[in-house]
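The values are calculated or read from the model by the stated rules, or taken from the named source; none is laboratory data. Since we're looking at a predicted model, the values are computed, not measured. Every residue, glycine as well, gets a Cβ built from its backbone with ideal geometry; the counts of neighbours run over all protein chains shown. All accessible areas refer to the heavy atoms of the entire protein, side chains included, with ligands and DNA or RNA removed. Shrake-Rupley method; radii C 1.70, N 1.55, O 1.52, S 1.80 Å.
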Amino acid sequence: MNDNNDILVSIIVPVYNAKDYLEDCLDSIINQSYKNIEIILIDDGSSDGSSNILDMYATKDTKIKVIHNTNHGVSYTRNYGIKIATGSKILFIDSDDTVDLDYVKKLVEPLKKQNYDVVVCGANDINVKKGKVRARRFPKSLTGDIKNDFVNLFLVPSITAPWGKLYDLELIKRNNISFAEGISFNEDVLFNVTYFKYVENYALINEPLYNYFHRTSNSLTKNRSNKNFEGCLKVASALREFVLDTKVKDGNVALIHTCFNYLKWFAITEGGYALFKERANKVRNIVDGMYATKGNKRAVNVWMLRNEMYSLLYAMYWLREKCRW
């Protein structure tokens, strides 16, 4: 393995109407302690002045490449970045987030020893409204064996995001991995499930090096649309296929956990209980035959609920939403 300073890292930043946060994001990138980077800033048809900020930053640093596109969505934008990236490794950073100034340096560091397929780090969850910060870390029991560790990695929410990971560009291109442009909700989970299918080794930096900002939430009605639900079914189906194909340890636990979270999220709908029950049946079909035995009895019991029990689950989440909002 060459000196890790020889590794060119492509940083891909999709930008859409992020004017209020963009400069903080870009400052954290151009001031990285690791200098062998190219910064690909892709404007996805912004109309709030973000485009001008990008052009201004391009004059500050020769490492920056700015592309202005019409609006296509974040998946198209990330795929465009993958297409034009020239580094051997790539990172995705959201335009309203920031990173530690040693972010790239620490992610590249393990590559001094061997060429890991992916390097993962922790993140800070920053609740802007409440002014709270919570560090997402990974279990200390991880071994470095992806088949052994997958479920413990997957149960940490940030593992399914595109940020906080140093990907291998050649692995992506060789296996034609891309973000699904027909899915606008949890499309990043689908990308990672597909990518991890080809991962043989990984390295973990158990530090919160990525700052993920929770800002004003999007419309709940829009997020819980039938289109988004069908997209989540595709993600869950891909995860089931991954678990069956790779034989990762306790992969069914990750599948059940994911499906149950989807069911909780889509419990409250404008279609009422009838639509919820229909969705619940579709989700339950995906985990048929995937129930764990000892050690996961609670999950087994949840997923063996019959239709008459769905009303209780629905009522529980309906009540929670009413109390929250």
Could you count how many residues in the stretch 180-203 are open to solvent by 30 Å² or more (accessible area, probe 1.4 Å), polar (S, T, N, Q) and either in contact with an Asp or Glu (Cβ under 9 Å, 6 or more places away or on another chain) or without any contact (Cβ under 8 Å) to a residue 60 or more places away in the chain (or both)? 3
Checking Ser88, Ser33, Ser10, Ser50 in turn, the sole residue that is open to solvent by less than 10 Å² (accessible area, probe 1.4 Å) and within 22 Å of Leu166 (Cα to Cα) turns out to be Ser10
Could you tell me which residue of the stretch 17-53 is nearest to Arg215 (Cα to Cα), considering only residues that are charged (D, E, K, R) and not in a loop (DSSP other than H, G, I, E, B)? Asp20
For the stretch 100-124, give me the residue count where each residue is open to solvent by 10 Å² or more (accessible area, probe 1.4 Å) and either in a strand (DSSP E or B) or not polar (S, T, N, Q) (or both). 12
Inspect all residues belonging to the stretch 126-137 and state whether any of them is in contact with a Leu (Cβ under 9 Å, 6 or more places away or on another chain) and touching a residue at least 24 places away in the same chain (Cβ under 8 Å). no
Out of everything in the stretch 58-77 that is touching a strand residue (DSSP E or B) at 6+ places or on another chain (Cβ under 6 Å) and crowded, with 20+ Cβ neighbours inside 10 Å, what residue ends up being farthest from Ala123 (Cα to Cα)? Ile64
Leading residue by the ranking (farthest from the chain's Cα centre (by Cα)) among those in the stretch 150-164 that are over 20 Å from Tyr103 (Cα atoms) and crowded, with 20+ Cβ neighbours inside 10 Å: Phe150
Quick check on my filter: what residues within the stretch 153-183 are over 18 Å from Ala203 (Cβ atoms), in a loop (DSSP other than H, G, I, E, B) and not polar (S, T, N, Q)? Leu155, Ile177, Phe179, Ala180, Glu181, Gly182, Ile183
